[in-house]
Amino acid sequence: MGKKAYRHPAPEPFEGDIRAVTVGGTVLWLVLFVVQLPFLGWLDDHDRMWWLWTCLAGAGLGVLGLWYVRRREAALARGGDAGARSNT
């Protein structure tokens, strides 16, 4: 009944080294996938095969994310962010 809605301005977006973060996350998922390969029998016996496929999906999505980041950086380098600036 007496709730107040506090409105704060949105913070500025963080522009760090997005490519390094994406590559690091992708490599981490891929390493986790490879580390689990020797334990296929144990994973199958304990109904934990989803661990393996989750790591593979994470690595695949990381590759997709790297493709997206590279295209985004190329568009920003070409000046493709001019449309985004005019919308604000």
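Bear in mind these aren't lab numbers, they're just calculated from the coordinates by the rules spelled out. As the structure is a prediction and not an experimental result, all values here were calculated from the model. Please note: Cβ atoms are built from the backbone with ideal geometry, for glycine as well, and neighbour counts cover all protein chains shown.
Observations
- Nitroxide proxy distance, nm - points 7 Å out along Cα→Cβ at R48 and L64: 2.7 nm
- Taking the Kirkwood radius as Rh and the Cα radius of gyration as Rg, the chain has a ratio of Rg/Rh equal to 1.23.
- Dividing the summed helix terms, -39500 (n - 2.57) for each DSSP H run of n ≥ 4, by the number of residues in the chain produces a 222 nm estimate of -22500 deg cm²/dmol to the nearest 500.
- Residues of the range 1-27 with amide N under 13 Å of a point placed 7 Å along Cα→Cβ from L76: 13-22
- Here the calculated FRET efficiency for A57 and I18, from their Cβ-Cβ distance with R0 = 35 Å, stands at 0.95, rounded to the nearest 0.05.
- Shown here for the range 13-62: chymotrypsin sites (Phe, Trp or Tyr not before Pro) in loop regions (DSSP other than H, G, I, E, B) with at most 13 other Cβ atoms within 10 Å, namely F14.
- Comparing W53, W67, L37 along the charge dipole axis of the range 18-81, the residue lying farthest to the positive side is W67, per the Cβ-charge model.
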